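Structure first, commentary second.
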Amino acid sequence: MLKHIVPSQLRLGMYIHALDGSWLSHGFWKSSFKLKTTADLQRLQASGIAGLWIDLARGLDVQPAAAPAQPIATPAAPPAPVDAPSLWQEQIEQARQQCKQAQSAVTQMFHEARMGHAIEPEQAEALAEQIQQSVERHPAALLSVVRLKNADTYTYMHSVAVSALMVALARQLGLSTHQVKRAALAGLLHDMGKVYTNPDILNKPGALTDEEFAHMKLHPGQGHALLQQSITDAEVLDACLHHHEHLDGKGYPHGLRGAEIHLMARMTAICDVYDAITSNRPYKSGWSPAIALQRMAQWCGTHLDTHIFSAFVKTLGVYPVGSLLRLQSGRLALVFALSENKLLTPQVVCFYDTYEARRIDPPVLLDLSATPNEHILLREDPENWNFSDLDDLWQDAITATTPTCIPTSALAV
Ligand SMILES: [Fe+2]
């Protein structure tokens, strides 16, 4: 049986069924759990929630025949979030909807191309513009959501992600509105040639043979030929053809060097590589964003353009969404969200205590810009830890925002 109580009635041994308000407003990862520690009890009472539901079948009731118990500790003011939680949730939800629409449109575009039809330039431009507007409205939200890919949607979501990253990068580089638009389209269309790549090779779990790699390397030329039928923008076509070229001449398909590789192709190369190496594939786990940036920095000058890469890092922040960090308190945390102008103090999800070598359950959401006693100590490489659920943890953080709905029939009177 469920009963609704106020936080001052809480006591150890109760089973919390649900908390009033959204997940982000109270910072408790799970709303259902047994209240076992004084620290959790105090934190709940200090969280600012108006009320909560307890399950009498699984834990203690309130003190019998008593007025609401006194709080154990004087409630502290809850830390102020960087953005109002409802605003962040709204932005995430909008970004999710836009991503869903964009993914469906890209899927259709690839399907048409497989059927031998030319790309409709107006449709592609409209889609690129939609992605552009979404990034310009809420960059952190969209760049967070495009990380969500699965095996079936990878190729399509990769196109949306590269397009979104291109918009953010073009703006960081101070390019004109027309160039930003062009960048969005180049990112969206850069891999169209993969409609001709054998899916078994495209998704092969493991290294490609020389023959398979030669087949894969055809896609920039094939995409260029396809786009030439209807796309007239020379820079977009060039980005599609040359996004796998390296500054040292070791790329493909033409082995171009240095200045022979134009701006839009250099930008596409960086966004393409970043999204590819941070994405989980059936045959390999993606690198953490922070680790990916570290490794990409080593490829600057030979493969990637150093100046454009610096702008790219500024776009994503020092601690990009999805990065694994160690905090001063010894807790490991995953970057969950960034706010503009507060890139050094992201919102994180704390989920592991390194001093006690145990998971923090439920994980705790922390806004580092509003938590003066907690700081980032260092970046951690997830490869040094055996956490298999980092993506789930992060994904739950941006999806677990709907309060639990309690059926009226279950209420205690
Ligand atoms: Fe490619």
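The values are calculated or read from the model by the stated rules, or taken from the named source; none is laboratory data. Only a predicted model underlies this, so the values are computations on that prediction, with no experimental measurement involved. All Cβ positions, even for glycine, are placed from backbone atoms using ideal geometry, and neighbour counts span all protein chains on display.
The table below gives the values:
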item	result
Verdict on G221 being surrounded by fewer than 19 Cβ atoms within 10 Å (Cβ to Cβ), among the small types (G, A, S), within 13 Å of the ligand (Cβ to nearest atom) and modelled with pLDDT of 95 or more	yes
Residue check for Q298: within 30 Å of M267 (Cβ to Cβ) and in contact with a helix residue (DSSP H, G or I) (Cβ under 9 Å, 6 or more places away or on another chain)	no
Every residue from the range 247-273 that is within 13 Å of the ligand (Cβ to nearest atom) and crowded, with 19+ Cβ neighbours inside 10 Å	G251, A265, T268, A269, I270, C271, D272, V273
So H243, is it within 16 Å of the ligand (Cβ to nearest atom), buried (at least 19 other Cβ atoms within 10 Å of the Cβ) and over 18 Å from P121 (Cβ atoms)	yes
Selection count where residues are within 20 Å of A276 (Cα to Cα) and without any contact (Cβ under 8 Å) to a residue 12 or more places away in the chain, scope the range 213-232	2
Failed criterion for E235 (all others in (1) more than 15 Å from the ligand (Cβ to nearest atom); (2) under 21 Å from V106 (Cβ atoms); (3) out of contact with any His (no Cβ under 9 Å at 6 or more places or on another chain); (4) not β-branched (V, I, T) hold)	(3)
Tally of residues being in contact (Cβ under 8 Å) with a residue 12 or more places away in the chain and either out of contact with any Leu (no Cβ under 8 Å at 6 or more places or on another chain) or within 19 Å of L142 (Cα to Cα) (or both) across the range 180-207	18
Enumeration of residues in the range 184-201 that are under 27 Å from Q132 (Cβ atoms) and away from the ligand (no atom under 16 Å from the Cβ)	A184
So K204, is it outside any helix (DSSP H, G or I) and within 16 Å of the ligand (Cβ to nearest atom)	yes
